[in-house]
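Trainee: This is the structure I want to talk about, given as structure tokens.
The values are calculated or read from the model by the stated rules, or taken from the named source; none is laboratory data. From a predicted model like this one, the values you see are computed outputs, not experimental measurements. Backbone-built Cβ (ideal geometry, glycine too); neighbour counts: all protein chains shown.
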Amino acid sequence: MKNRENTASDSSRRENPVKNLLLRHRSRAIRRLRSGIDWPFAILVMVLVCIGTTFVFSSSYAYAKHNYGDSYFFIRKQIGWVLCAIVIIYLVARFGDYLILKRFSVPIFLVSYLLLWCVFFFGEDANGAKRWIFVGPISVQPSEIVKFSVILLISSYLVWLETKGRDLIRTVRYGILPFVALVLLIGFPLYKQPHLSAMIIIFALIYILMYLGGVKSAILGSGIGIGGAAMVALMLFTSHGQKRIQAWLHPELDPTGDSWQPLQSLNAIGSGGLWGVGLGQSKQKHLYLPEPQNDYIFAIICEEMGFVFAVLIIALFVLLIWRGFLIARNAPSKFSSLLVMGIMVQVGVQVFLNIGVVTGALPATGVALPFFSYGGSSLLILMAEMGVVLNVSRYSYSEKT
């Protein structure tokens, strides 16, 4: 069977051995189907989903009872979404072929980008922002789709550059300008929504994929400085950002307003101590912490199960990301390696931002905790991405050491 994907040049392999370890692929290797998926990765995903679903119920029943008259309002929906997500991850992992994504990377990005603009015409205001498209009872956040489409687009683009047989990635025309254009293209509608958290995640993905693709370190260093300055400017010179910075630095100035949620989150974490107050025994979820089943669900976990269990959750995420990078390391091509690493970087950045916000280490950004925060469309998209990782894990090099 012929190799269906392009390989990197020998010169690029010699120049950066660290990247080559992660993006390992050989010119004479053959893309072969393994006997099955990577089961340790699949088990970690399902463990996180099960724990997350448990805490969606534990954190939401008081809020659901008060606002909807039904303690099972959120968990009933979440279980339905989880069942759908399990079907999706199975279908994507077992019956799909990730190379199809490579062929349609541009159309997928264009559709996701169009949806990003649709929120201004068909979306509804929620907490002063337009981020969701509502189709009957179903709501979709286009930025979640854009995250994956950006990973897919850049992975395909970097592989396309290598087909030219030159180090085009190190030139300004091909290695810098397209990424700058992509940042501006995506950044503008996200700024108008506003959706700063999505901007941070997507920009981080673009930067890391640029690094893995071989962009010069000096240029990337400049990009960090410019990008960081731009994000600081957005936070300091926009009313939306100023409120969040003020609530983060001086929560005591407005304890019943913008600082209410961060303060209640810290109260929940402090109340949990080392071992927690017990599953289902949280007090902060009883209308003190607004919508505890969403972005601040980790605070309820800390309160009910304590510091030790919170560390265990973080360890599960670390294991998941580590296993994902192992799959990327053994993937059959640069495209599949970049695709898997991009997905795992997305998960890692979201976990870091969410826990940073909940613990008060970062200003509020509105980032969901993967596998835990309540939400149907975000869970389906995330599980589809996990299915892509498992699909890649079915293919590897067969070689003797």
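Trainee: Have a look at G96, G175 and point out the one that is of a type in the set (G, A, S) and either closer than 29 Å to L196 by Cα or without any contact (Cβ under 8 Å) to a residue 12 or more places away in the chain (or both).
Mentor: Just a single option satisfies the conditions, and that option is G175.
Trainee: Moving to a separate point now. (1) modelled with pLDDT of 95 or more; (2) surrounded by fewer than 19 Cβ atoms within 10 Å (Cβ to Cβ): which one isn't true of S27, the others all being true?
Mentor: The number of the failed condition is (1).
Trainee: Can you find a residue in segment 188-197 that is closer than 25 Å to P142 by Cα, at pLDDT 70 or above, assigned to a helix (DSSP H, G or I) and among the hydroxyl-bearing types (S, T, Y)? Reasoning before the result, please.
Mentor: Residues of segment 188-197 that are closer than 25 Å to P142 by Cα, as a first pass: 188-197.
Remaining after also requiring at pLDDT 70 or above: 188-197.
Now drop any that are not assigned to a helix (DSSP H, G or I), which leaves 188-192, 196-197.
If we keep only those that are among the hydroxyl-bearing types (S, T, Y) as well, we get 191, 197.
For segment 188-197, residues closer than 25 Å to P142 by Cα, at pLDDT 70 or above, assigned to a helix (DSSP H, G or I) and among the hydroxyl-bearing types (S, T, Y): present.
Trainee: Is it true that some residue in segment 235-258 is farther than 18 Å from F372 by Cβ, in contact (Cβ under 8 Å) with a residue 12 or more places away in the chain and assigned to a loop (DSSP other than H, G, I, E, B)?
Mentor: So far as segment 235-258 goes, yes, one or more of its residues are farther than 18 Å from F372 by Cβ, in contact (Cβ under 8 Å) with a residue 12 or more places away in the chain and assigned to a loop (DSSP other than H, G, I, E, B).
Trainee: Further question on the same structure: Taking the options L212, L249, L220, name whichever one is farther than 25 Å from Y113 by Cβ, modelled with pLDDT under 90 and aliphatic (A, V, I, L, M).
Mentor: L249
Trainee: Please determine, by comparing only the residues of segment 137-172 that are more than 19 Å from F104 (Cα to Cα) and without any contact (Cβ under 8 Å) to a residue 12 or more places away in the chain, which one is surrounded by the most Cβ atoms within 10 Å (Cβ to Cβ).
Mentor: So, considering only residues that are more than 19 Å from F104 (Cα to Cα) and without any contact (Cβ under 8 Å) to a residue 12 or more places away in the chain, the one surrounded by the most Cβ atoms within 10 Å (Cβ to Cβ) is L168.
Trainee: Given the residues F307, F325, which is the only one that is out of contact with any Asp or Glu (no Cβ under 7 Å at 6 or more places or on another chain) and free of Cβ contacts under 8 Å to residues at least 40 places away in the same chain?
Mentor: Selected residue: F307, the only one of F307, F325 that is out of contact with any Asp or Glu (no Cβ under 7 Å at 6 or more places or on another chain) and free of Cβ contacts under 8 Å to residues at least 40 places away in the same chain.
Trainee: Being of a type in the set (V, I, T), at pLDDT 85 or above and over 24 Å from M341 (Cα atoms) is true for just one of V119, V140, V150. Which residue is that?
Mentor: The match here is V119.
Trainee: Right, here's the next one. If E385 satisfies every condition in (1) among the acidic types (D, E); (2) buried (at least 20 other Cβ atoms within 10 Å of the Cβ); (3) part of a loop (DSSP other than H, G, I, E, B) but one, which is the exception?
Mentor: Against the list (1) among the acidic types (D, E); (2) buried (at least 20 other Cβ atoms within 10 Å of the Cβ); (3) part of a loop (DSSP other than H, G, I, E, B), E385 comes up short only on (3).
Trainee: Based on this model, can you work out whether A331 counts as of a type in the set (A, V, I, L, M, F, W, C), crowded, with 24+ Cβ neighbours inside 10 Å, in contact (Cβ under 8 Å) with a residue 24 or more places away in the chain and not in a helix (DSSP H, G or I)?
Mentor: Yes; evaluated as a whole, the condition is true for this residue.
Trainee: List the pairs whose first member sits in segment 359-386 and is basic (K, R), whose second member is at pLDDT below 95 and part of a loop (DSSP other than H, G, I, E, B), and whose Cβ atoms are under 8 Å apart, counting only residues at least 6 apart or on separate chains?
Mentor: none
Trainee: Here is a follow-up. What single numbered condition from (1) assigned to a loop (DSSP other than H, G, I, E, B); (2) touching a residue at least 60 places away in the same chain (Cβ under 8 Å); (3) under 24 Å from I75 (Cα atoms) fails to hold for S265?
Mentor: Against the list (1) assigned to a loop (DSSP other than H, G, I, E, B); (2) touching a residue at least 60 places away in the same chain (Cβ under 8 Å); (3) under 24 Å from I75 (Cα atoms), S265 comes up short only on (1).
Trainee: Anything in segment 71-98 that is surrounded by 16 or more Cβ atoms within 10 Å (Cβ to Cβ) and more than 20 Å from S139 (Cβ to Cβ)? List them, or say none.
Mentor: S71, I89, V92, A93, G96, Y98
Trainee: Before we move on, is S197 out of contact with any Leu (no Cβ under 9 Å at 6 or more places or on another chain), in contact (Cβ under 8 Å) with a residue 60 or more places away in the chain, over 22 Å from S337 (Cβ atoms) and of a type in the set (S, T, Y)?
Mentor: Spelling it out, it is not the case that S197 is out of contact with any Leu (no Cβ under 9 Å at 6 or more places or on another chain), in contact (Cβ under 8 Å) with a residue 60 or more places away in the chain, over 22 Å from S337 (Cβ atoms) and of a type in the set (S, T, Y).
Trainee: Out of V47, V18, V87, I need the residue that is at pLDDT below 90 and among the hydrophobic types (A, V, I, L, M, F, W, C). Which one?
Mentor: Testing whether each residue is at pLDDT below 90 and among the hydrophobic types (A, V, I, L, M, F, W, C) leaves just V18.
Trainee: Kindly indicate the residue of segment 261-279 that is surrounded by 14 or more Cβ atoms within 10 Å (Cβ to Cβ) and in contact with an Asp or Glu (Cβ under 8 Å, 6 or more places away or on another chain) and also nearest to I355 (Cα to Cα) among those meeting that condition.
Mentor: Taking the candidates together, the pick is I269.
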